[in-house]
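Below is one structure, written out as structure tokens, with a few remarks after it.
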Amino acid sequence: MNKTQYAEMLKDISETYKNGGDVSACIAKYNKLYKYVYVYNDNIFKLLFGTPENESITVDFLNAVLKLDGGDCIEQVSFVNPALPSAFGKSITSDVVALDQRQDRIVLEVQHVEHESFNSRLVLYAAKHIIASRIKGDDYKLRNLNVISLQMFDGFPESRNYRHCIQLKNQDNELFYDKETITLVEIPKFLKRKYEQDNSRLALWLRVFDGLNNESLVDVPKGSQYALLQEKAKLSIFTEDFLVSEAMKMSDHNYELYVEKKNARAEGLAEGRVEGRVEGRDDERTAVALDMLADNEPIEKIVKYSHLPESKVLKLRDSRATYNSK
């Protein structure tokens, strides 16, 4: 299923659960409509690529993204933050963090929302992971760090490439430091331009993801890691408890967009916090309220999700109405 269909399913499950309906029957209905989950959902992705039981899938995908072959390949990984289906919640930590057989650190994330703070957040994430990868006993000896971001927006819209390898270099493009690499993969650009001539392992992985999201499987070799992911991504595998938990975090499809925007802003603020200070919280709440007012959401709902007092929401509504009437 695609993103919209996944959100609609969660909305239906949420409403059924809140109204005391038959949740099992509700989920069964969607199992008849769809065979696969939406791969790029944060928690789905973390289950598929951040659990020990799926290590072989993760290893193959990481090698594909990083273009590793032969002796440079990642052979195995251990997860620093393994996915726990019962303990999901949006946080400011990276989606998947793993160490390979050399104890080098790999960070894998899915970024849904383009925001002006994105580049700063990504650099800050990398800095935190660099500190975490220090070799004990020598503060200046660092292990390799690879930060991978699968983006639902274009970071380099003018470039024909959909994969970008970013390292510290000088003005003559000479490498200054080779132990930190940020790899950006622009998903929409790949899907839009198709890149039919690209037969790389990464391109095949992205086609497999797209096939799952569109309920149209890509033909892959039997027994391959691609085929294993296709099995692991079946909707029927995900438990009722997990789906209900996911559904209760999203009251409706429209609100999913507000949540994503709010999380992107909140993460940027939280990561940039100095001595525990949270700056601009009222601005963030106001931004959420204005987004919801623009879509004519009920006042009580805006109050609930923006965490602003009703008087403030009403004032925003009246101010907005006055502005629009001019």
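Checked across the stretch 121-139, the condition of being closer than 29 Å to Ile187 by Cα and assigned to a strand (DSSP E or B) holds for no residue.
The set of residues in the stretch 181-208 being among the basic types (Lys, Arg) and under 17 Å from Val59 (Cβ atoms) consists of Arg201 alone. Annotation note: Cβ proximity below 8 Å between a residue of the stretch 1-13 that is closer than 17 Å to Glu215 by Cβ and not assigned by TED's automatic domain parsing to the domain that holds Lys29 and a residue that is of a type in the set (Val, Ile, Thr) and at pLDDT below 90 (sequence gap 6+ or interchain) occurs for no pair. Picking from residues in the stretch 167-221 that are more than 30 Å from Leu33 (Cα to Cα) and aliphatic (A, V, I, L, M), the one that is surrounded by the fewest Cβ atoms within 10 Å (Cβ to Cβ) is Leu175.
Summed over the stretch 121-160, residues that are at pLDDT below 90 and aromatic (Phe, Trp, Tyr) total 2.
Tell me the helices (runs of 4 or more DSSP H) entirely within the stretch 167-238 that contain at least 1 residues that are within 20 Å of the chain's Cα centre (by Cα), closer than 25 Å to Leu145 by Cα and assigned by TED's automatic domain parsing to the domain that holds Asn144.
The helices (runs of 4 or more DSSP H) meeting that bar are 187-193, 201-213.
One residue stands out among those in the stretch 124-157 that are farther than 21 Å from Glu114 by Cβ and of a type in the set (A, V, I, L, M): the one that is surrounded by the most Cβ atoms within 10 Å (Cβ to Cβ), which is Leu145.
Of all residues in the stretch 89-120, exactly one satisfies the criterion of being basic (Lys, Arg) and modelled with pLDDT under 85, namely Lys90. Hey, could you check the stretch 19-32 for residues that are loosely packed, with under 15 Cβ neighbours inside 10 Å and either in contact (Cβ under 8 Å) with a residue 24 or more places away in the chain or of a type in the set (Ser, Thr, Tyr) (or both) and say which is nearest to Glu8 (Cα to Cα)? For the stretch 19-32, the residue satisfying everything is Asn31.
Residues are listed down the side, and each one gets a yes or a no for (1) more than 22 Å from Phe49 (Cα to Cα); (2) in contact with a Gly (Cβ under 8 Å, 6 or more places away or on another chain); (3) free of Cβ contacts under 8 Å to residues at least 60 places away in the same chain:
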{"position": "Tyr125", "(1), (2), (3)": "no, no, no"}
{"position": "Asn146", "(1), (2), (3)": "no, no, no"}
{"position": "Glu158", "(1), (2), (3)": "yes, no, yes"}
{"position": "Asn161", "(1), (2), (3)": "yes, no, yes"}
{"position": "Asp178", "(1), (2), (3)": "yes, no, yes"}
{"position": "Tyr195", "(1), (2), (3)": "yes, no, yes"}
{"position": "Leu206", "(1), (2), (3)": "no, no, yes"}
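Scanning the stretch 101-120 for residues that are in contact with an Asp or Glu (Cβ under 7 Å, 6 or more places away or on another chain) and in a strand (DSSP E or B) returns Ile106, Leu108, Glu109, Val110. Only one entry in Ser56, Ser78, Ser86 is exposed (fewer than 14 other Cβ atoms within 10 Å of the Cβ), at pLDDT below 95 and either in contact with a helix residue (DSSP H, G or I) (Cβ under 8 Å, 6 or more places away or on another chain) or outside any helix (DSSP H, G or I) (or both), namely Ser86.
The values are calculated or read from the model by the stated rules, or taken from the named source; none is laboratory data. For clarity, every value in this text was computed on a predicted model and none was experimentally measured. Note: ideal-geometry Cβ built from the backbone for every residue, glycine included; neighbour counts use all protein chains shown.
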